[in-house]
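Chemist: One structure, pasted below without further comment.
Just so it is clear, none of the values below were taken in a lab; they were calculated from the coordinates. Remember, it's a predicted structure, so these values are computed and weren't measured experimentally. Methodologically, a virtual Cβ is constructed for each residue, glycine included, from the backbone with ideal geometry; neighbour enumeration extends over all protein chains shown.
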Amino acid sequence: MKKIFSAFIFLFIVSYSFGQDITTLLKLHDISIALGVANDISIFLLRAVECYSTKDYETSNYYIKKVVINFSNLDLNNLKFVVLLGSYANLKDVKQTAKYFYIADKSTLIAPENMEIIRSEIRKNFKKDVFDEALSYYYYYHARLKIIDEIKFND
């Protein structure tokens, strides 16, 4: 329950920071630590989430690539890869989307409940055949079929 409450506070803080400068983000970083959201949340992650929420996917992608993975904090890894994959999908970069989908899937860096967010972004931005072709570099045929079936493309 505490994590859910902290997540809501964090989202409120990020939405409050929309359009603010780096000083505001530094203050938000300190506030988020004080609220117990995470002890090592980075300014780059805050900025990436802020840009993603305003559909500025190029800027979000720029910042999210600067976020260093900390394998001891699964929540931050999960958030990073959800934003990274969502940004690539919305930028319609099928090769990078497939590549990071493979990395996140094999390393279980995205929580299972958040995979539907990724599937939705992929479904709305790519055609089934195009995404299947991009996945072919990383997965064998039967593994790709399973992934494609889970995404539930409309075509």
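Chemist: Filter Lys55/Lys146; Lys92/Lys152; Lys66/Lys152 down to the pairs with a C-alpha to C-alpha distance above 28 Å, please.
Modeler: Correct reply: Lys55/Lys146; Lys66/Lys152.
Chemist: Hey, another quick one. If you average 1/r over every pair of different alpha-carbon atoms in the range 91-155 and take one over that average, what Kirkwood value in Å do you get?
Modeler: 11.8
Chemist: So how strong a dipole does the range 72-116 carry about its Cα centre when Lys and Arg Cβ are +1 and Asp and Glu Cβ are -1, to the nearest 20 debye?
Modeler: Values: 5 positive and 5 negative charges, 55 e Å.
Roughly 260 debye for the range 72-116.
Chemist: DSSP loop trypsin sites (Lys or Arg not before Pro) in the range 94-141 with at most 13 other Cβ atoms within 10 Å of their Cβ, which ones?
Modeler: Working: sites: Lys95, Lys99, Lys106, Arg119, Arg123, Lys124, Lys127, Lys128; in loops: Lys127.
Listed in order of number, the matching sites are Lys127.
Chemist: Which chymotrypsin sites (Phe, Trp or Tyr not before Pro) in the range 88-140 sit in a loop by DSSP (not H, G, I, E or B) and have at most 13 other Cβ atoms within 10 Å of their own Cβ?
Modeler: Tyr137, Tyr140
Chemist: Does the range 60-123 come out rounded, prolate or oblate by the C-alpha gyration tensor, with a ≥ b ≥ c the root eigenvalues, rounded set by a/c under 1.5 and, if not, prolate when a/b is larger than b/c and oblate if not?
Modeler: It comes out oblate by the Cα gyration axes.
Chemist: On a C-alpha basis, how far is the centre of the range 134-155 from the centre of the range 56-91 in Å? Whole number, if you could?
Modeler: Taking the Cα centre of the range 56-91 as reference, the centre of the range 134-155 is 22 Å away.
Chemist: Classify the range 42-155 from the C-alpha gyration tensor, please: rounded if a/c falls under 1.5, else prolate or oblate depending on whether a/b exceeds b/c.
Modeler: In terms of gyration-tensor shape, prolate.
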